[in-house]
1. Residue under question is residue 180, and the condition is that it be within 13 Å of residue 279 (Cα to Cα) and not β-branched (Val, Ile, Thr); does it hold?
2. Collect the residues in segment 180-201 that are more than 18 Å from residue 249 (Cα to Cα) and part of a loop (DSSP other than H, G, I, E, B), keeping them in residue-number order.
3. Within segment 258-267, does at least one residue satisfy the condition of being touching a helix residue (DSSP H, G or I) at 6+ places or on another chain (Cβ under 7 Å), of a type in the set (Lys, Arg) and either assigned by TED's automatic domain parsing to the domain that holds residue 198 or not in a strand (DSSP E or B) (or both)?
4. Out of all the residues in segment 225-250, which are assigned to a loop (DSSP other than H, G, I, E, B) and either at pLDDT 90 or above or touching a Lys or Arg at 6+ places or on another chain (Cβ under 9 Å) (or both)?
5. In this structure, does residue 205 turn out to be acidic (Asp, Glu), at pLDDT below 90 and either loosely packed, with under 12 Cβ neighbours inside 10 Å or more than 17 Å from residue 162 (Cβ to Cβ) (or both)?
6. Can you tell me which residue in segment 251-279 is farthest from residue 164 (Cα to Cα), limited to those that are at pLDDT below 90 and of a type in the set (A, V, I, L, M)?
Amino acid sequence: MTIYADVLVALNILITYILIVAVRVFCKIPTNKWAVLVASLVGGFSSLIILWENMNIALSLLFKIATAGVIVGIAFLPKNVKALLKTYMGFFLVSFLFGGAVYALQIAFKPRNILYYNGIVYFDMSISYLVGCVLSVYGVFLIGDYVITRHTLKGSKCLLEIAYNNMSVTLPAIVDTGNSLQDGLSGRPVVVAELSAIAPVFSREELLFFKNQNYENIPKSLHKVFRLVPCSAVTGEGLLPSFVPQFVRLTTEKGVYKTDFCTIGVVCKPLSSGEYKALVNNNIFEMGKEENDKKAYN
């Protein structure tokens, strides 16, 4: 079979993207779209190793381990050892299942248009057929994500502590699996909170800034932490004013989690009739460090 380098790289960029999406969906770890793109490019160009003839097993394994580490590091930016191990093992598991499926297909049916060598897959197929396969697989992942999460954490109650300006405020919140907002600059999961509930942590100038929603005159104290996060709702698309806190602490039925890797989106209107004051992004738990010395929420 003749191998074309451009087709090989393009194919494995798409395959790496699928693998990253699979890890993100099933491990519930947030990603940044640009980071995923760069990681996919790394995976795509690393496929050129297929052209290395008579490569020994040890060197091939070492190359795969190193490449997987680079891809995981770029795509997921793990903030702690737990997140690193989870993403790394998740990526290896998904890659192993994918490679095993392709190898089994090659052994069982001996298709002439599939080559699996040095752990790299090459398909001799048209681009339109390849794109169709990718979209189909992506759709399967989305359906699987919906089936897995629709009855799990949605609506779970928790207490949310937000620290900012060396002050903190605690408010009732719920875990909302429908909240998938991320800070586009860093990939931080976004927690949506009512302004009235978190007002005590703001200075008077900052509070007026969020109330008036005049984003042209940002207070000096907010210059490094203010964000505008693109979001969509029933009424249309818009920008959600947000800020980066010192940390947040979540007290749930299962334990207490603390993280500084998140963004707080601020809304002026009530989120409920008083039952909760914030919507917690489920992905925030993957970024948090569990604290065992605190009492769980009840």
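The values are calculated or read from the model by the stated rules, or taken from the named source; none is laboratory data. Fair warning: this is a prediction, and the values are worked out from it, not measured in the lab. Here Cβ is always computed from backbone atoms with ideal geometry, including for glycine, and neighbour counts include all displayed protein chains.
1. Values: within 13 Å of residue 279 (Cα to Cα): yes; not β-branched (Val, Ile, Thr): yes.
Judged against the criteria, residue 180 is a match.
2. Answer for segment 180-201, where residues must be more than 18 Å from residue 249 (Cα to Cα) and part of a loop (DSSP other than H, G, I, E, B): 180, 181, 183, 184, 185, 186, 187.
3. Within segment 258-267 (the criterion being touching a helix residue (DSSP H, G or I) at 6+ places or on another chain (Cβ under 7 Å), of a type in the set (Lys, Arg) and either assigned by TED's automatic domain parsing to the domain that holds residue 198 or not in a strand (DSSP E or B) (or both)), the answer is no, since none of the residues qualifies.
4. So the first thing to find is which residues in segment 225-250 are assigned to a loop (DSSP other than H, G, I, E, B), and the list is 225, 234-235, 244-246.
Within segment 225-250, 225, 244, 245, 246 qualify.
5. Details: acidic (Asp, Glu): yes; at pLDDT below 90: no; either loosely packed, with under 12 Cβ neighbours inside 10 Å or more than 17 Å from residue 162 (Cβ to Cβ) (or both): yes.
In short, no.
6. It comes out as 271.
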